[in-house]
Amino acid sequence: MAADPSGAAAAGASAAVGARLFGVALAPGYGVGNALTYLFAAFVTIGMLAFVSFIQPFLLNANLAIPEGEQGRALAVLNTANEIVALLLVAPIGALSDRIGRRPVYALGFLWLAAGFFLYPLARTFPQLLACALFFSVGVAAVGCMLAAVLADTPREPSRGLFTGITGFCQGLGAMLAVLLLGRLPQRLAESGWDAVMAGRLTLGIAAALCVLTAIVCRLGLRPGVPAEREERRPLAELMREGLAAARRNPRIWFAFMLQFVSFADRIVIGTFFTLRLQQSAIERGLSVTEAASAARIPYVTAQAAALLVAIGFGLLLDRIDRIKVGVIAMAVAGLGYFAGGFVGDPQSAWILPVAALLGAGQVCAILASQTVLGQEAPPAVRGAVFGLAGICASAGILFTNIFGGTLFDLVGKGAPFYLIGAVNAGIMLFGLLLLRRGSAARSAA
């Protein structure tokens, strides 16, 4: 008897609708292979972004020999330029992925990162390094946009917190292993007889090869086709107007915007100023540039390991209690971590590993809380506008931290960016407590 193709198709559709991975109910049309491919892509995406932040201070010292008192502002210029490019490209990249699908855009983004990693070590002047960073930021915009888009597409709503936690686990693992393994390579290559410049070039070449491999995996494993629901891309002014109107109606959306702002600010402090401070302190103790990069690995990896351990438990917590309460907890942990980080920055200090762990835990709590509170509070009718304005808040957090943090780092003290963001976390925590108090009073009156 001939097979019934319509029956097979129905069975396949049923299987797709009911697919589950690690307890996560997947959205219709998404299979286990699609979800696993996304988790691998998330692992590499954050790993590569963490690694480029970690390696930039090495390039400033080994390739450009920029004076220590100017490095904070140099990194601030690089990161600010990157964010401006990314801000300009988010809307067109998102529109392109709606038209041709997430899969080709994600794969192309990784190929672009590979080309950027190849170009980075060729820079011999700061303008050349800035040009390389601007080129690289196009790939960053592509993979960053797809990281968020596929995360939103893949799980069903009841499993969103858990899937976000699992994704955060993969991201933390990627950041930890990328810096742990690739961050050690320059010193190993230097010990084998290579000079610092060539050691950096070979290390970044390996990172480029990993990006090419990930592009192939994305092309083969992500769900093909365009998203089932495509949102109309609207002007920035309209997004801001509708997003602000939604926030005026619901102060919890303001809290989500604040969490988005500070969660991206947290990333910059750990990825840029924590790494720079560790490497500068090691060089001041007499270590070579490659040895300093290696010494900075362990505190940075400790921060990422702490994030790794906290991510899934925090994701489960987000699905079980009021997410505003979880956001307040996240701000308390992060604020404590950043204030502590302002006091300790020597990689050989006895306190550096506990402080690094607290920084990592605070960072991941802020990121997960921002994503889930935003998803919960955004009204379906204006979800696109609310998410668009949240993206602007994230970019504002990055620009704020780079501009003020870089200047404070060079002119005031190496702990100043940590105190700045610690104070921002504390302020947002107080706003969250005010929201909880108002909600409790409203329930009592009812």
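The values are calculated or read from the model by the stated rules, or taken from the named source; none is laboratory data. Small disclaimer: the values here were computed from a predicted structure and weren't measured. Cβ sites come from the backbone with ideal geometry, for glycine too, and all protein chains shown count toward neighbours.
Would you point out which residue out of LEU60, LEU88, LEU36, LEU75 is touching a Ser or Thr at 6+ places or on another chain (Cβ under 8 Å) and either at pLDDT 80 or above or part of a helix (DSSP H, G or I) (or both)? Walk me through it before giving the result.
Numbers: LEU60 fails: touching a Ser or Thr at 6+ places or on another chain (Cβ under 8 Å); LEU88 fails: touching a Ser or Thr at 6+ places or on another chain (Cβ under 8 Å); LEU36 fails: touching a Ser or Thr at 6+ places or on another chain (Cβ under 8 Å).
One residue alone meets the criteria, LEU75.
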### Query
over 25 Å from PHE43 (Cβ atoms), assigned to a helix (DSSP H, G or I), at pLDDT below 80 and not β-branched (Val, Ile, Thr): does that describe LEU162?
no
### Message
Considering only residues that are modelled with pLDDT of 85 or more and either surrounded by 13 or more Cβ atoms within 10 Å (Cβ to Cβ) or within 16 Å of PHE136 (Cα to Cα) (or both), which ones fall in the range 217-230?
### Response
VAL217, CYS218, ARG219, GLY221
### Query
Does THR407 satisfy the criteria of being crowded, with 24+ Cβ neighbours inside 10 Å and among the polar types (S, T, N, Q)?
no
#### Entry: Of the criteria (1) at pLDDT 80 or above; (2) more than 19 Å from the chain's Cα centre (by Cα); (3) surrounded by fewer than 24 Cβ atoms within 10 Å (Cβ to Cβ), which one LEU173 fails
(2)
### Query
Looking only at the range 67-118, which residues are over 16 Å from ILE46 (Cα atoms) and of a type in the set (Gly, Ala, Ser)?
GLY69, GLY72, ALA74, ALA76, ALA81, ALA91, GLY94, ALA95, SER97, GLY101, ALA115
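Here's the yes/no breakdown for (1) buried (at least 21 other Cβ atoms within 10 Å of the Cβ); (2) modelled with pLDDT of 85 or more:
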{"site": "GLY101", "(1), (2)": "no, no"}
{"site": "TYR106", "(1), (2)": "yes, yes"}
{"site": "ALA115", "(1), (2)": "no, yes"}
{"site": "PHE118", "(1), (2)": "no, yes"}
{"site": "GLN128", "(1), (2)": "no, yes"}
{"site": "ALA149", "(1), (2)": "no, no"}
{"site": "ARG156", "(1), (2)": "no, no"}
### Query
Looking only at the range 347-361, which residues are buried (at least 22 other Cβ atoms within 10 Å of the Cβ) and modelled with pLDDT under 80?
PRO347
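Which residue is modelled with the lowest pLDDT, if the candidates are limited to the range 231-283 and must be charged (D, E, K, R), in a helix (DSSP H, G or I) and over 14 Å from the mean Cα position of the chain (by Cα)? Lay out the reasoning, then the answer.
Looking only at the range 231-283, we keep the residues that are charged (D, E, K, R), and these are 231-234, 238, 241-242, 248-249, 252, 266-267, 277.
Add one more test, that the residue is in a helix (DSSP H, G or I), and what stays is 238, 241-242, 248-249, 252, 266-267, 277.
With the extra rule that they be over 14 Å from the mean Cα position of the chain (by Cα), the set shrinks to 238, 241-242, 248-249, 252, 277.
Values: GLU238: 68, ARG241: 75, GLU242: 73, ARG248: 79, ARG249: 82, ARG252: 83, ARG277: 82.
Residue satisfying both the conditions and the ranking: GLU238.
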### Message
It is to be established whether one or more residues within the range 345-356 are among the small types (Gly, Ala, Ser) and farther than 14 Å from ILE270 by Cα.
### Response
yes
### Task
Tally the residues that are of a type in the set (A, V, I, L, M, F, W, C) and not in a helix (DSSP H, G or I), restricting the search to the range 95-131.
1
### Query
Do any residues in the range 194-216 that are farther than 30 Å from VAL105 by Cβ have Cβ atoms under 7 Å from those of residues that are among the β-branched types (Val, Ile, Thr) and surrounded by 15 or more Cβ atoms within 10 Å (Cβ to Cβ), where the two are at least six apart or on different chains, and which pairs are they?
ALA196/VAL289; ALA196/THR290; ALA199/THR290
